[in-house]
Amino acid sequence: MERLIISIKQHRIYFVLLTLSLFFFARKAIQYAVLESYITSVILLLILTLISTSLLLNKRTKFALRFWSILLLIWSIIRVLLFIANAFLKEMSESHLYHQLFSPKGIITSSIFLFMSIYLFKNSGKV
């Protein structure tokens, strides 16, 4: 536990970004759970379990953090590619997807998470 506290103090930016990304997906998980889609909740619980267990046991921490950053990177890239495809191909007609992906808020969110995931991936070995 002492090692975890020291690591958090040494890598504040990393842990702030990690926490923000997990809180964002927790909010998404709650939104989708209300709509009776529990896949996001299950994935988030698995990731939280993996990260917290590895941090507390001092084992495979680098793997857990890299795994989360890779999932975040894939999610961000897919969102950006969908935005690019929508600009050149037939526009999506479903308003839910349109507002999630192609509104200014969606584009900014995708870009922020893309850069955040790159930072988390690059610095996961240092934690």
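Counted as qualifying within the stretch 1-58 are the helices (runs of 4 or more DSSP H) with 2 or more residues that are touching a residue at least 12 places away in the same chain (Cβ under 8 Å), out of contact with any helix residue (DSSP H, G or I) (no Cβ under 6 Å at 6 or more places or on another chain) and farther than 30 Å from Leu101 by Cβ, namely 2-10. Does Leu120 satisfy the criteria of being in a helix (DSSP H, G or I) and touching a Ser or Thr at 6+ places or on another chain (Cβ under 7 Å)? Judged against the criteria, Leu120 is a match. Can you confirm whether Leu20 is at pLDDT 85 or above and loosely packed, with under 15 Cβ neighbours inside 10 Å? Yes, satisfied. Does Ile5 satisfy the condition of being loosely packed, with under 15 Cβ neighbours inside 10 Å, more than 18 Å from the chain's Cα centre (by Cα) and either of a type in the set (D, E, K, R) or farther than 18 Å from Tyr119 by Cα (or both)? The answer is yes for Ile5.
Hey, could you check the stretch 79-98 for residues that are at pLDDT below 75 and surrounded by 10 or more Cβ atoms within 10 Å (Cβ to Cβ) and say which is farthest from Tyr32 (Cα to Cα)? Restricting to residues being at pLDDT below 75 and surrounded by 10 or more Cβ atoms within 10 Å (Cβ to Cβ), the top hit is Met92.
With the requirement that a residue be surrounded by fewer than 16 Cβ atoms within 10 Å (Cβ to Cβ), closer than 16 Å to Phe63 by Cα and modelled with pLDDT under 85, what does the stretch 23-53 give you? Selection gives Ser52, Thr53. Among the conditions (1) at pLDDT 80 or above; (2) not in a helix (DSSP H, G or I), the only one that Ile112 does not satisfy is (2). Could you tell me whether the stretch 71-84 includes any residue that is more than 25 Å from Ile107 (Cα to Cα), in a helix (DSSP H, G or I) and not hydroxyl-bearing (Ser, Thr, Tyr)? No.
The values are calculated or read from the model by the stated rules, or taken from the named source; none is laboratory data. Nothing here was measured: the structure is a model prediction, and the numbers come from that model. Neighbour counts run over all protein chains shown; Cβ positions are idealised from the backbone, glycine included.
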